[in-house]
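The values are calculated or read from the model by the stated rules, or taken from the named source; none is laboratory data. Bear in mind that the values here come from a model prediction, so they are computed numbers and not experimental data. Note: ideal-geometry Cβ built from the backbone for every residue, glycine included; neighbour counts use all protein chains shown. Only protein heavy atoms, including side chains, enter the accessible area calculation; ligands, DNA and RNA are left aside. Shrake-Rupley method; radii C 1.70, N 1.55, O 1.52, S 1.80 Å.
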Amino acid sequence: MTESRDPPPIYVTQPSLPPLEEFIPYLEQIWESKRLTNSGPFHEQLEQALCDYLDVPYIALFANGTLALVTALQAMRITGEVITTPYSFVATAHSLLWNGIRPVFSDIDPLTLNLDPDRIEAAITPQTTAIMPVHCYGHSCDVDRIERIAGNYGLKVIYDAAHAFGVQCQGGSVLNHGDLSVLSFHATKVFNTFEGGAIVCHDAKTKQRIDHLKNFGFVDEVTVAAPGINGKMSEINAAFGLLQLKGIDEILQKRKAIDTRYREVLTGVKGIHCLSAADEKPNYAYFPILVQPDYPLSRDALYQELQDSGIHARRYFYPLISDFPMYRGIPSAAPANLPVARAAAEQVICLPIYPSLTSKQVDLIIGIIVGQC
Ligand SMILES: *Cc1c(COP(=O)(O)O)cnc(C)c1O
């Protein structure tokens, strides 16, 4: 067999894009209006369309999810210490450092891989002002218990909901929990605007403060109320988001079919544990498996087998955030404090899942995993 006959590589995800010609009319409107940014018409339309689709009262759009996280902390005037998970993308904890806040890592639940509510209270000190949980893989946190703890200690809750677009837990959109929820519309996420993000909030006053903070702190032409940042989403990204939103239900449908196929076969494989959401309406953002000691290969050996077959699965989230150099000196980053997170980081592989992944490709991936037994 020659090189050129190898099938193309399969990545963990591939962005969904609508037909290019459908985007041209949006661009023509932008060229016509010459409104490129600063809350233009597409920006306003996308905020409203997302409120409707996600069933949330207020949304502020951002240039990306990381700026939204940084701004969310400022909007709530968070200082001191914030309790968060080590098992996430590094931007979660980076947003704390960017605000001069000390992250306090707390261990995760072995079933959900989200912050373990049983362990949060032990991490609270007089300096604690907030909890920043992550709905990891789009599987919702134990929002009720987290809210009860926050209520008891007077803490704010800011969810990193970067994975949780469209997710409904028991009782509706998961984004309606906590004080704020932050979304990412990065190319690799379920809903993308190339780059983008948003903060979901529950009242008009908070929405207005966030809007000031994402525009340098400007309140009006001559008044600057805070050292805000430039976090605004451009009209191109907002217009693209409006077009993407038309296709989102089909995207979620296709993801669900792939999730179902993986699960049908892999749940029966000894040593492979498929994580699952307990949600009313999951979004199938990722397909994480844990490679356990009774599987014939180690996690890294299976990862390599997949690589060698052109399948670029990813070890999300390995290494733990708490192992990166800017965090590992923090007392709560000590390995003994985070045994569950460490075990998950050493066992996890996220398998490819995206709408254009064919059932033949899914079966190829399954075949490699089953074939080692
Ligand atoms: C993607 C992601 C972010 C960052 O979002 P960007 O839009 O890429 O800045 C933050 N937290 C988590 C958990 C993410 O997966």
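For the range 113-144, name all the residues that are β-branched (V, I, T) and either within 12 Å of the ligand (Cβ to nearest atom) or surrounded by fewer than 24 Cβ atoms within 10 Å (Cβ to Cβ) (or both).
Filtering the range 113-144 down to residues β-branched (V, I, T) leaves 120, 124-125, 128-129, 131, 134, 143.
Listed by number, the residues that qualify are I120, I124, T125, T128, T129, V134, V143.
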Being out of contact with any helix residue (DSSP H, G or I) (no Cβ under 6 Å at 6 or more places or on another chain) and over 29 Å from P18 (Cα atoms) narrows it down to one of T206, T188, so name that one. T206
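Restricting to the range 277-310, what's the tally of residues that are in a helix (DSSP H, G or I) and aliphatic (A, V, I, L, M)?
Here is the first cut: in the range 277-310, the ones in a helix (DSSP H, G or I) are 299-308.
Filter once more, keeping what is aliphatic (A, V, I, L, M): 301-302, 306.
Count: 3.
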Which condition number does K270 fail, the rest of (1) under 17 Å from the mean Cα position of the chain (by Cα); (2) in a loop (DSSP other than H, G, I, E, B) being met? (1)
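For the range 94-112, check the following and say yes or no: at least one residue is open to solvent by 30 Å² or more (accessible area, probe 1.4 Å) and aromatic (F, W, Y).
Start the filter on the range 94-112 by keeping residues that are open to solvent by 30 Å² or more (accessible area, probe 1.4 Å), which leaves 94, 97-100, 102, 109-112.
Still in the list and also aromatic (F, W, Y): 98.
Yes, the range 94-112 contains at least one residue that is open to solvent by 30 Å² or more (accessible area, probe 1.4 Å) and aromatic (F, W, Y).
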Go through the range 1-99 and tell me which helices (runs of 4 or more DSSP H), entirely inside it, have 2 or more residues that are within 22 Å of G247 (Cβ to Cβ). 24-33, 41-54
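Quick one: which of V56, V82, V90 is within 12 Å of the ligand (Cβ to nearest atom) and under 19 Å from the mean Cα position of the chain (by Cα)? Let's see the steps before the verdict.
Values: V56 fails: within 12 Å of the ligand (Cβ to nearest atom); V82 fails: within 12 Å of the ligand (Cβ to nearest atom).
Residue meeting the stated conditions: V90.
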Just checking: which of the strands (runs of 3 or more DSSP E) contained wholly in the range 145-243 hold 3 or more residues that are within 15 Å of the ligand (Cβ to nearest atom)? 156-160, 180-184, 197-201
For the range 188-223, give me the residue count where each residue is open to solvent by 60 Å² or more (accessible area, probe 1.4 Å) and more than 19 Å from F89 (Cα to Cα). 11
Considering residues that are more than 21 Å from F191 (Cα to Cα) and not β-branched (V, I, T), the number found within the range 253-277 is 11
R299 meets each of (1) crowded, with 18+ Cβ neighbours inside 10 Å; (2) among the charged types (D, E, K, R); (3) under 20 Å from the mean Cα position of the chain (by Cα) with one exception, condition (3)
Quick one: would you say T66 is open to solvent by 30 Å² or more (accessible area, probe 1.4 Å) and within 15 Å of the ligand (Cβ to nearest atom)? yes
Quick check on the range 11-20. Is at least one of its residues open to solvent by less than 60 Å² (accessible area, probe 1.4 Å), farther than 25 Å from F287 by Cα and of a type in the set (S, T, Y)? no
For P103, only one of the following conditions fails: (1) within 16 Å of the ligand (Cβ to nearest atom); (2) assigned to a helix (DSSP H, G or I). What is its number? (2)
Step by step: first the residues of the range 145-180, then only those that are touching a residue at least 24 places away in the same chain (Cβ under 8 Å) and of a type in the set (S, T, N, Q), then the one that is least open to solvent (accessible area, probe 1.4 Å). Which residue is that? S173
All positions within the range 311-349 that are farther than 30 Å from P8 by Cα, in a loop (DSSP other than H, G, I, E, B) and open to solvent by 70 Å² or more (accessible area, probe 1.4 Å): P325, M326, R328, G329
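Given the residues I366, I353, I349, which is the only one that is over 26 Å from V90 (Cα atoms), at pLDDT 95 or above and of a type in the set (A, V, I, L, M)? Spell out how you get there, then give the answer.
On the way: I353 fails: over 26 Å from V90 (Cα atoms); I349 fails: over 26 Å from V90 (Cα atoms).
When all the criteria are applied, what remains is I366.
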